[in-house]
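Only one structure is covered here, and it is reproduced in the block below.
The values are calculated or read from the model by the stated rules, or taken from the named source; none is laboratory data. These numbers come from a predicted model, not from an experiment. So basically every Cβ, Gly included, is an ideal-geometry build from the backbone, and we count neighbours across all protein chains shown. When the accessible area is computed, the model is the full protein with side chains, heavy atoms only, and any ligands, DNA or RNA have been set aside. Shrake-Rupley method; radii C 1.70, N 1.55, O 1.52, S 1.80 Å.
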Amino acid sequence: MAKNCNFLVIFQCKHQSIVLQLAQYTLRKSPVPDCNRCSCFVRNAALESSGMALPKAVKTGTTICGIVFKDGVILGADTRATDGSTVASLNCQKIHYLAPNMYCCGAGTAADTEQTTKLISSNLELHSLNTGRQAPLSTALKMLAQMLFKYQGHISAALVLGGVDRLGPHIYSVHPHGSVDRLPYVTMGSGSLAAMAVFESRYRPNMELEEGKKLVRDAIAAGIFNDLGSGTNVDLCVITKDGAQMLRPYDVANVKGARQERYRFKRGTTAVLKTRLRKFDVQEEEVVSMDTSEASGSA
Amino acid sequence: MTERREYGAVDRLTHGLQAGRPQADAPVHPVQSAVARQERLEAGLRSDWLRQVQGVHAPLRLHAEKRAASRVGRLPFLQSSNIMMDTLTGRDETLDFSDYLGAVDASEVMGQPHAVVEKSLGLL
């Protein structure tokens, strides 16, 4: 049981371990208490060297992609989250909100993509309140890329950023170490090669909306059916200058088979040999508790 | 780094009694030093930009104000909110991981309570 407890503590710790310790060591903090000397990182390293297998972070072995079409951008993602070789979540959301005109798909460690996009989303809101205008896509891109570079790739977040601002529709891909690419179509994640194969053969500039949605759906489906780390549903997000529309799920590609009949046994399948009826006299006791503490009522 | 002799010993006469021991503020993770270095570089970039745009007086004045803000005259057991420093560096208008993670009272490891309190009060 003690071993179990350790496991739980470390599990909870490992997910946040990088950013949690860094938060503890920032300049803003005044006296650092002694317990930080035995920090999570040091303890985890010691346990690992003594032979204990540390739990793996929940990753989104993923297929995410984005294209630019005639009126805007379309982002697509699958919905499977994996924990090693186990499916941790069948229907997780990988398209994250950044701003009303910007969404970001995330691949890599699930906690890292979630926390990163939430932080940048909050910073974008503060930024637009400060400047009094809607932030362009390049602001979000700079924030993301500079933050990921600052953490030197330890934040394992590979992102597809897409949106429409006053300069038009754009799609960017951001890698965990902080490099960015601006392209008309991008794919990321473990199923990126399958999705990119679909894009390379069928993408054309200035597609219509329905054609674009079908293309992204097919690219994600290629990842779902050919990559073990991606699965279940296809989520889409269509962003135009009029706003963003989340289609979740756009396509349930993997429907679990429905049972054809009732597979229960009929009554009488097992023959009854003997029947005996016994009557029980049930006596019930009801316990009424009295408040005998000193503070109750008048003494 | 102090020079180590045979069996890892350190010359305490030259380097002090605390030499060779793991320091309290030593970096425990490679990202720690990377982040600190990046923040230094970014502050330097902002300072250079300010010099080019407004002239050499601007970074000098800002640096003087920051120096004044960092010398908070509080008693040992009273912690400062660092509001002036945050305003000068711009940290009051951005969010960082340390704004919602890493609160000492929510730490999952517990030190010896008496030692922690004494350390934070400055008695230890």
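What list of whole percents do you get for P(r) of the protein assembly as shown, with Cα-Cα distances grouped in 20 Å bins up to the one holding the largest distance?
All Cα pairs, binned at 20 Å, distribute as 20, 41, 27, 11, 2, 0 percent.
Want the number for residue B:5 to residue B:65: 0.36 nm per residue separation, take away the alpha-carbon distance, what's left?
17.1 nm
What is the ratio of the Cα radius of gyration of segment A:99-244 to 2.2 N^0.38 Å, with N the residue count, to two decimals?
1.05
Rg to Rh ratio, chain B, alpha-carbon atoms and Kirkwood radius?
With Rh from the inverse mean 1/r over Cα pairs, Rg/Rh is 1.04.
Report, as a whole number in µm² per second, the diffusion coefficient that Stokes-Einstein gives for segment A:185-299 at 20 °C and 1.002 mPa s using the Kirkwood radius over alpha carbon pairs.
101 µm²/s
Take the Cα atoms of segment A:34-171, build their convex hull, and give its volume per residue in Å³.
Spelled out: Cα convex hull of segment A:34-171, divided by residues, is 135 Å³.
May I ask you to rank A:165, B:11 by accessible area, largest first, using a 1.4 Å probe over the protein chains only?
Most to least solvent-accessible, the answer reads B:11, A:165.
Give the carbon-plus-sulfur fraction of the accessible surface of the protein assembly as shown in %, rounded to a whole number; probe 1.4 Å, heavy atoms of protein chains only.
55 percent
Would you please state which residues of segment A:194-208 a label at residue A:226 would reach in this model, taking the label point 7 Å out along Cα→Cβ and a backbone N cut-off of under 11 Å?
What the label zone holds, given the 11 Å backbone N cut-off, is A:194-201.
Separation between the residue B:12 and residue A:278 pseudo-spin-labels, each 7 Å from Cα along Cα→Cβ, expressed in nm?
Reported label-point gap for residue B:12 and residue A:278 is 8.0 nm.
So how much slack lies between residue A:45 and residue A:241, counting 0.36 nm per residue of separation and subtracting their Cα-Cα distance, in nm?
Answer, rounded to one decimal: 65.6 nm.
Using a simple charge model, +1 on the beta-carbon of Lys and Arg, -1 on the beta-carbon of Asp and Glu, nothing else, what dipole does the protein assembly as shown show about its Cα centre, in debye to the nearest 20?
Using only the charged Cβ atoms, the result is roughly 800 debye.
Helix B:57-70 versus the longest principal axis of chain B: what angle, 0 to 90°, nearest 10, using Cα atoms?
40 degrees
So which trypsin sites (Lys or Arg not before Pro) in segment A:190-255 end up in coil per DSSP with only 14 or fewer other C-beta atoms within 10 Å?
A:241
Probe radius 1.4 Å, ligands and nucleic acids left out: which of B:105, A:235, A:83, B:48 has the largest accessible area, and how do the rest follow?
B:105, B:48, A:83, A:235
Trypsin sites (Lys or Arg not before Pro), restricted to segment B:41-124: which are DSSP loop and have at most 10 other Cβ atoms within 10 Å?
Qualifying residues, ordered by number: B:71, B:74.
Treat each spin label as a single point 7 Å out from the Cα along the C-beta direction, and report the residue A:197 to residue B:51 distance in nm.
For residue A:197 paired with residue B:51, the spin-label model returns 5.6 nm.
Write out the GluC sites (Glu not before Pro) in segment B:1-81 meeting two conditions: DSSP loop, and at most 13 other Cβ atoms within 10 Å of their Cβ.
Loop-located and lightly packed - B:3.
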